[in-house]
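Structure first, then comments.
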Amino acid sequence: MTQIAKNEYALQSPREERVRRVLVVGGGSSGWMAAAVLATALARDVEVRLVESEAIGIVGVGEATIPPMQKFNRFLQLDEARFVAETNGTFKLGIEFHNWGRVGDRYLHQFGAVGREIDALVKLHHWWLLGLQADDGADYPEWQECHVAYHAAQQNRFAPSGPKKGDLQNRYTHAYHFDAHLYAAHLRQVAESRGVKRIEGMITGADRDGESGFVQSVTLEDGRVLEADLFIDCSGFRSLLLGGALEEPWTDWSKWIPSDRALAVPSARAEGALTPYTKGIAHPVGWQWRIPLQHRTGNGHVFASAFSSESEAEERLLATLDTKALGEPRLVKFRTGRRERPWVGNVVAVGLSSGFLEPLESTSIHFVQSSLERLVELFPTRAMDPELRDQFNARTRLEWEQVRDFIIAHYKLTEREDSEFWRYTRNMDVPDTLAQTLDVWRARGHLAVDGGHLFQIGSWASMLIGQRSLPRGVHALADRADPAEIARMVRRIAADCAAAASRLPLHEEFIAHNCAAKAAA
């Protein structure tokens, strides 16, 4: 073992080089997520402040999340029951997609693993495909039926899964739906209880150091000057520091994801069972989300202005609500793409200030979470260590591009030809990375997805099979088994998953007994 003498090793980051002052620019979900994380992670002698203006509204349409948020909540030591109650939240087992492959189609992108693997070498979706060839019965299970989460969603049942993921009844996970405004307020309480100071004010400018180019301070409308060592830009689409003061270039992805508008409107809570999943319903132009909360339903319509007017989109949205609208639809304009580098100098952009991907797979809040986790892992000194910055930017770029490809695939893999919009997305060229993934899948059902992807094999298989993109051949090792016997085993797995789900409590009953909101907001 190599012995290193103390006189051969000297720390290059003495305490005097530490970041002492952090300023979060902007509030909303992303700003208060950043403030809460930094207040939890940093030493108490580091000053964390957040500046926001009540005169500026927040986008606040992101009410659905994905399972990694459980990790985020554990880091902040949030009590799940209190968090759900205070945000009028519900639980989410997946996203149900309507009309994406063909009009009338429906499939669930469920969270969690298959109920049981048949073989240690070959994943279950390969065996399911083999069984599909051998069993042409009308009641052969759909792919999604091999997951406990699917059956629980269809039965409107929910309880958190247990820690033993090898057991059938625990082979699913969950995320959340919540009111975005209440979520920001909840995190504000957490952050301020841990020392974060909130400053009310409108930012009118930023000053930079002439030599380093670092941002030295921001100036408020009333003349106050706020200095910091590190700035977290959570200013939304305005991107005040990264896009404004630092003029970081924008990479546009609208040729692959042409939607550039969203209309959002709440409606009354639907009568009947409280569903534990988000709906993504495709329209002739774009799609509509439907998110169940304890006190209301969140609705929105994402569409492309090149293929539809705003008035036409509003008419589509209002005509397809399940319940009475509780206000007028609010229009949000956006660009799909990202800033080339989210960390420049001493500014780290988080959330909408760094880029935007439409909320088809509920990733907006996750991008905030993953950026903050990455920043904590690679937290710099006041020198803004370039090696850490470059690593942060490279990993962020890869994550965004992987999620981008997953979203584009939903549009590309459609058989719809009922509108100019769907004809465009069906026939468009796609990024080379996605083209390669699809080519590998089409050959024999393999997926070029490694452990670093946010969306793993289960997510890709759910989407690809759900949108009728079946491979030309089966796994080369599938000839070791009798297809008819495999079909019988697949039937048994689906039946066992359904039975496991039936033992869960109803979603609404679980919430009523554990995390009901005290009053509707």
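The values are calculated or read from the model by the stated rules, or taken from the named source; none is laboratory data. None of these values were measured; they are calculated from a predicted model. So basically every Cβ, Gly included, is an ideal-geometry build from the backbone, and we count neighbours across all protein chains shown.
Couple of notes before you dig in:
- Looking only at region 130-145, and only at residues there that are closer than 19 Å to ALA481 by Cβ and charged (D, E, K, R), the one that is surrounded by the most Cβ atoms within 10 Å (Cβ to Cβ): ASP135
- Reported count of residues in region 445-477, each being assigned to a helix (DSSP H, G or I), of a type in the set (A, V, I, L, M) and modelled with pLDDT of 95 or more, is 4.
- Picking from residues in region 115-133 that are charged (D, E, K, R) and within 30 Å of the chain's Cα centre (by Cα), the one that is farthest from HIS475 (Cα to Cα) is ARG116.
- Residue satisfying all of: in region 154-181; modelled with pLDDT under 95 and basic (Lys, Arg); farthest from GLN110 (Cα to Cα) among these: LYS164
- Matching entry among GLU96, GLU63 (being in contact with a Lys or Arg (Cβ under 7 Å, 6 or more places away or on another chain) and closer than 18 Å to SER362 by Cβ): GLU96
- Qualifying residues in region 88-100 (those that are within 18 Å of ILE408 (Cβ to Cβ) and surrounded by 22 or more Cβ atoms within 10 Å (Cβ to Cβ)) - the one farthest from the chain's Cα centre (by Cα): TRP100
- Apart from one condition, GLN77 fits all of (1) out of contact with any strand residue (DSSP E or B) (no Cβ under 8 Å at 6 or more places or on another chain); (2) assigned to a loop (DSSP other than H, G, I, E, B); (3) buried (at least 19 other Cβ atoms within 10 Å of the Cβ); the exception is (3).
- Residues of region 163-182 satisfying the condition of being assigned to a helix (DSSP H, G or I) and under 21 Å from THR65 (Cα atoms): ASN170, ALA180, HIS181, LEU182
- Single residue of region 146-162 satisfying the filter (surrounded by fewer than 20 Cβ atoms within 10 Å (Cβ to Cβ) and not in a helix (DSSP H, G or I)) that is nearest to the chain's Cα centre (by Cα): PRO160
- Filter result (exposed (fewer than 14 other Cβ atoms within 10 Å of the Cβ) and hydroxyl-bearing (Ser, Thr, Tyr)) within region 310-341: SER311, THR320
- Some residue of region 209-219 being part of a loop (DSSP other than H, G, I, E, B) and crowded, with 16+ Cβ neighbours inside 10 Å: yes
- Residue count, region 463-513 (criterion: farther than 30 Å from ARG296 by Cα and surrounded by fewer than 16 Cβ atoms within 10 Å (Cβ to Cβ)): 15
- Residue in region 298-309 that is surrounded by fewer than 22 Cβ atoms within 10 Å (Cβ to Cβ), part of a helix (DSSP H, G or I) and in contact with a strand residue (DSSP E or B) (Cβ under 9 Å, 6 or more places away or on another chain) present: no
- Of all residues in region 255-272, those that are part of a loop (DSSP other than H, G, I, E, B) have Cβ atoms under 7 Å from Cβ atoms of residues that are of a type in the set (Asp, Glu), 6 or more apart or on another chain, in ILE257/GLU358; SER259/GLU358; ALA270/ASP322.
- Residues (without any contact (Cβ under 8 Å) to a residue 60 or more places away in the chain and charged (D, E, K, R)) located in region 273-315: ARG290, GLU310, GLU312, GLU314, GLU315
Residues checked against (1) touching a Lys or Arg at 6+ places or on another chain (Cβ under 9 Å); (2) assigned to a loop (DSSP other than H, G, I, E, B); (3) at negative phi; (4) of a type in the set (S, T, N, Q):
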position	(1), (2), (3), (4)
LEU331	yes, no, yes, no
LEU360	no, no, yes, no
VAL368	no, no, yes, no
SER371	no, no, yes, yes
VAL376	no, no, yes, no
ASN393	yes, no, yes, yes
TRP400	yes, no, yes, no
ILE407	no, no, yes, no
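- The residues of region 409-432 that are outside any loop (DSSP other than H, G, I, E, B) and in contact (Cβ under 8 Å) with a residue 40 or more places away in the chain, listed by number, are ALA409, HIS410, TYR411, GLU420, PHE421, TRP422, TYR424, THR425.
- Matching entry among ARG261, ARG224, ARG198 (being loosely packed, with under 15 Cβ neighbours inside 10 Å, among the basic types (Lys, Arg) and either touching a Phe, Trp or Tyr at 6+ places or on another chain (Cβ under 6 Å) or over 30 Å from VAL103 (Cβ atoms) (or both)): ARG224
- Given (1) touching a residue at least 24 places away in the same chain (Cβ under 8 Å); (2) part of a helix (DSSP H, G or I); (3) hydrophobic (A, V, I, L, M, F, W, C), number of the condition ALA435 does not satisfy: (1)
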